[in-house]
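Encoded as C-alpha cells, the structure appears first; notes follow it.
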Amino acid sequence: MLLGGQRLHSRFLMGTGRFPSPWVLQEALKASGAEVITFAVRRVNMDSVEDDSVLQHVTERQLTYLPNTSGAKTADEAVRIARLARAAGLGNWIKVEISGNPRTLLPDPFETMKATERLAKDGFVVLSYTSDDPILCKRLEEAGAAAVMPGGSPIGTGLGLLNPYNLGLIVEEANVPVIVDAGIGSPKDAAEAMELGAAAVLANTPIAKATDPVAMARAFRLAIEAGRLAKLAGRIPKKRYASASSSESGSLFGASIPPKIPPAEGIAW
C-alpha cells in the first residue's frame, strides 16, 4: 500500500493506548505486523521525545509515527498540535482528530475540513478522521487529505461497521486510501472493512482491552490479510433464492472455464 509517498507492507495501523503494560504493547506490535502506530500528541513529553514513556518502548522496531490531535476541539488547536509534533521531531504525518461532542466523540466535520486544508498546505501528510459520509470524505480528499479515515461506529464502542453501504460508496469514489478507523470490535469487523475495499484498518481498543492482546493482534493481522485476499478474489453475487452447487448436467465444473487465480504470494498486499 502506498500512503503519503511511502510503501507499506502491512495494511494494519495500530494505536498504542490502554495496553496493560509496555511489554504487552511491544509483543502485540510484533504480532500485528503493523508498520504505522498512532498516539495522542498530548500524551507525549514534547520536551524529551526520545525519552518519552509512550515511544521509548517501540524504538526496537522500524515504525512510522502517526501522531494524532485527539483532544482538539477546533481547527486552530489541531494545527497547533500538529506543528508542535513536527517541531519535536515526530515527522510530518498527522492524523486530524477533532471531536465535536464529548459524549459520542464523533468528529466535527467543519473543523476537520478547515484543519485538513491548512495542514495539507503546510506540507503535512494529513490523514483525516471523519464520519462515514461519502460527500464529506470526497471533500476532505479534495482539501488535500492523503487518506480519509471514516469511522465504522463511534470510537471505543466496538459496535463494528454500522453502515457498510456508506463505507462501500466512500471506497468507490476515493482516489486516496480509505482507512476504516474507530468502532472496530473484532477481527470480523476488520475483515469486512477490507472486503468492502478499504485500503487498511486502524484499531486500538479491541486489541489493548482484549483478554489476550497479543493473540488478538495476530488475529487482526490475519483477518485483514484474509479480507484483502477476499476482495481481490471476488465474492459471488448475493441471490434472493437458493441455487444448487452442482450443475444440472451432473458435471463437476460449470460450462465456463474459471479464470486463473494467481498464487497468494504473488498478490500485492
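The values are calculated or read from the model by the stated rules, or taken from the named source; none is laboratory data. All values reported here derive from a predicted model rather than from experimental measurement. Note: ideal-geometry Cβ built from the backbone for every residue, glycine included; neighbour counts use all protein chains shown.
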Among the candidates Ile170, Ile236, Ile184, Ile224, residue that is touching a residue at least 40 places away in the same chain (Cβ under 8 Å) and either at positive phi or aliphatic (A, V, I, L, M) (or both): Ile224
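Residues checked against (1) closer than 15 Å to Val36 by Cα; (2) in contact with a Leu (Cβ under 7 Å, 6 or more places away or on another chain); (3) part of a loop (DSSP other than H, G, I, E, B):
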{"position": "Leu202", "(1), (2), (3)": "yes, yes, no"}
{"position": "Pro206", "(1), (2), (3)": "no, no, no"}
{"position": "Arg218", "(1), (2), (3)": "no, no, no"}
{"position": "Ala223", "(1), (2), (3)": "no, no, no"}
{"position": "Arg228", "(1), (2), (3)": "no, no, no"}
{"position": "Arg235", "(1), (2), (3)": "no, no, yes"}
{"position": "Lys239", "(1), (2), (3)": "no, no, yes"}
Candidates Glu265, Glu248, Glu172 - the one that is assigned to a helix (DSSP H, G or I), exposed (fewer than 14 other Cβ atoms within 10 Å of the Cβ), modelled with pLDDT under 90 and of a type outside the set (Ser, Thr, Tyr): Glu265
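Matching residues to (1) within 25 Å of Arg7 (Cα to Cα); (2) at pLDDT 70 or above; (3) among the small types (Gly, Ala, Ser); (4) more than 21 Å from the chain's Cα centre (by Cα):
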| residue | (1), (2), (3), (4) |
| --- | --- |
| Ile37 | yes, yes, no, no |
| Ala40 | yes, yes, yes, no |
| Asp47 | no, no, no, yes |
| Asp52 | no, no, no, yes |
| Thr59 | yes, no, no, yes |
| Leu63 | yes, yes, no, no |
| Pro67 | yes, yes, no, no |
| Ala72 | no, yes, yes, no |
| Asp76 | no, yes, no, yes |
Options Thr104, Thr74, Thr69: the member that is over 17 Å from Arg42 (Cβ atoms) and hydroxyl-bearing (Ser, Thr, Tyr): Thr104
Search result, residues across the stretch 62-78 that are part of a loop (DSSP other than H, G, I, E, B) and among the polar types (S, T, N, Q): Gln62, Thr69, Ser70, Thr74
Tally of residues being aromatic (Phe, Trp, Tyr) and surrounded by fewer than 20 Cβ atoms within 10 Å (Cβ to Cβ) across the stretch 91-145: 1
Selection count, the stretch 142-169, where residues are assigned to a strand (DSSP E or B) and either touching a Cys at 6+ places or on another chain (Cβ under 8 Å) or of a type in the set (Asp, Glu) (or both): 2
